[in-house]
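Encoded as structure tokens, the structure appears first; notes follow it.
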Amino acid sequence: MPGGRALPGAVGALCRAMPPPARLVPEALRRAKLDRPQATLGFWRLLYALLKQIHGGKWSEADAIDTQIRFVKSALWYQGYGRPELYRLPSDGSAGSRELLLAFSWLVHRISLLEQLLARNRVRTGDETSVCMCEDDLSQSEQGTTEIAPEYGPEDRVDIRYLQWLNGRLRFQWRSLHAQHQEQCKLLHKIHLLTSGSHVDQILGHFSVTEMDLIRQPENYKQLVQLLELETMQLEAFLEWKQLEPVYWQWMETVLDNMAEEGNMYKPQDAHIEKSSLPKVTSYCPWADSLTGQINKLSRDLMALRDQLHELVTHRKSAWEEKVKARAEDLQREDFPATVRKMQEAVELKLLDLSNLCAPKKNKVHGLCRLVYRSKHSASKTGFSRSVSKEPAPAVSATEVIRELQMREASLQRELKQLREECRQRLDEIAEGLDGVICISP
């Protein structure tokens, strides 16, 4: 056992750093190492609670165990966990605690599980909004989508009116969400404007919604203090865990060694069964001569086919060059300036995308940012003043975010135009194969 005294401290810090809904006890880890079935249900519930929080879903301890197990397996598959033994575990939670311990440790290491949970469950006293200025290269990520689209048969056809109804419903919900977000921004601006200059921290200068609620209802501060104390305890446990983390991974190596030793116990017997099941091959093969003759004949056929393909490619290449030459002569006579103009526009768009990709990368903002009201008067007043708090973190202005969104909108519009053109060509190809049907392009 590595670190006889340090291991309980590492496991205890790991358990204390977990959010309150996820109950993990050190004894469960020890039982899982020994693959005891008593720890299986607890680990399924633990992974269910943690993964639900990571994916932002609602959950309850009253959910059926088979539902929890299905969700955990699908979430682990989505995260990239590829150990097949986990997905073969029974859906009643009767066995597999050691496999669940491996999956839990994989999550802790691979997706920074504790960091994500602490970030999601932290106490937010300020008004925050989500900002993402990362460049999303849609053209590369979606490249080849039309080529790999599945072919649908007559039995897979969907009524176009149903798709139109879904599209309309989605647009209505999006507009409702946008209107609610605008109303929230107006209320936040009103609070920040009316409380401007009232905060102790002159860099902030105004109260947040949480602080306004505490002013109106001072009795709620006890609950806030309790939440802050709990978060402080979790952060202290996390710092302790980071110091003792190598001890935990050494202990996990012993878990893997135990699994390898137990697997080797059955290997000699399995190898004997496989060896006995193999057919015995004698040195005399009456069919060897005929097989050699067939291989030689196949080799000659392949050589002849290669010569034919080479001749066909040469013929096709010459025909294509003549076709391109004739097309160039037609363009010289018909509408050549318009074609050149389109080509220039396409090249300019490509060069613009290339210049954006080759530009020096700035530190893009991603994640939650605190909303701070800034006016011209307050900015000039606090620009060179020193307050009680430290220097503020680099701020993100709304103008900069709007500029980034406009550039992304232009890129998406170009992508949408290209996809619409590809869809129109695809519909034209389908319409040509339909008898008695006339399609009018919009």
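The values are calculated or read from the model by the stated rules, or taken from the named source; none is laboratory data. Only a predicted model underlies this, so the values are computations on that prediction, with no experimental measurement involved. Positions of Cβ are backbone-derived with ideal geometry, glycine not excepted, and every protein chain shown enters the neighbour counts. Please note that ligands, DNA and RNA were not included when accessible areas were found on the heavy atoms of the full protein model with its side chains. Shrake-Rupley method; radii C 1.70, N 1.55, O 1.52, S 1.80 Å.
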Of the criteria (1) within 28 Å of the chain's Cα centre (by Cα); (2) open to solvent by 70 Å² or more (accessible area, probe 1.4 Å); (3) within 24 Å of Thr254 (Cα to Cα), which one Gln38 fails: (1)
Total residues in segment 383-434, condition hydroxyl-bearing (Ser, Thr, Tyr) and at pLDDT below 75: 3
Residue within segment 194-209 that is open to solvent by less than 50 Å² (accessible area, probe 1.4 Å), out of contact with any His (no Cβ under 6 Å at 6 or more places or on another chain) and part of a helix (DSSP H, G or I) present: no
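Could you tell me whether any residue of segment 221-240 is β-branched (Val, Ile, Thr), surrounded by 14 or more Cβ atoms within 10 Å (Cβ to Cβ) and either under 32 Å from the mean Cα position of the chain (by Cα) or in a helix (DSSP H, G or I) (or both)? Reasoning before the result, please.
Filtering segment 221-240 for residues β-branched (Val, Ile, Thr) gives 225, 232.
Checking the rest, the ones that are also surrounded by 14 or more Cβ atoms within 10 Å (Cβ to Cβ) come to none.
No.
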Subset of segment 43-53 (residues that are open to solvent by less than 40 Å² (accessible area, probe 1.4 Å) and of a type outside the set (Phe, Trp, Tyr)): Leu46, Leu47, Ala49, Leu50, Leu51, Lys52, Gln53
Residue check, Leu101 in a loop (DSSP other than H, G, I, E, B), buried (at least 18 other Cβ atoms within 10 Å of the Cβ) and at pLDDT 90 or above: no
Selection within segment 54-93 - assigned to a loop (DSSP other than H, G, I, E, B), of a type outside the set (D, E, K, R) and surrounded by fewer than 12 Cβ atoms within 10 Å (Cβ to Cβ): Gly56, Gly57, Ser60, Ala62, Ala64, Gly80, Gly82, Pro90
Of all residues in segment 308-355 being of a type in the set (Ser, Thr, Tyr) and modelled with pLDDT of 85 or more, the one that is farthest from Glu415 (Cα to Cα): Thr314
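Yes/no matrix, rows are residues, columns are (1) in a loop (DSSP other than H, G, I, E, B); (2) at pLDDT 75 or above; (3) surrounded by 15 or more Cβ atoms within 10 Å (Cβ to Cβ); (4) aromatic (Phe, Trp, Tyr):
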position	(1), (2), (3), (4)
Val108	no, yes, yes, no
Leu114	no, yes, yes, no
Leu117	no, yes, yes, no
Thr125	yes, yes, yes, no
Thr129	no, yes, no, no
Gln140	no, no, no, no
Gly144	yes, no, no, no
Glu147	yes, no, no, no
Pro150	yes, no, no, no
The lone exception for Arg23 - which of (1) within 30 Å of Leu230 (Cα to Cα); (2) touching a residue at least 40 places away in the same chain (Cβ under 8 Å); (3) basic (Lys, Arg); (4) surrounded by fewer than 16 Cβ atoms within 10 Å (Cβ to Cβ) it fails: (2)
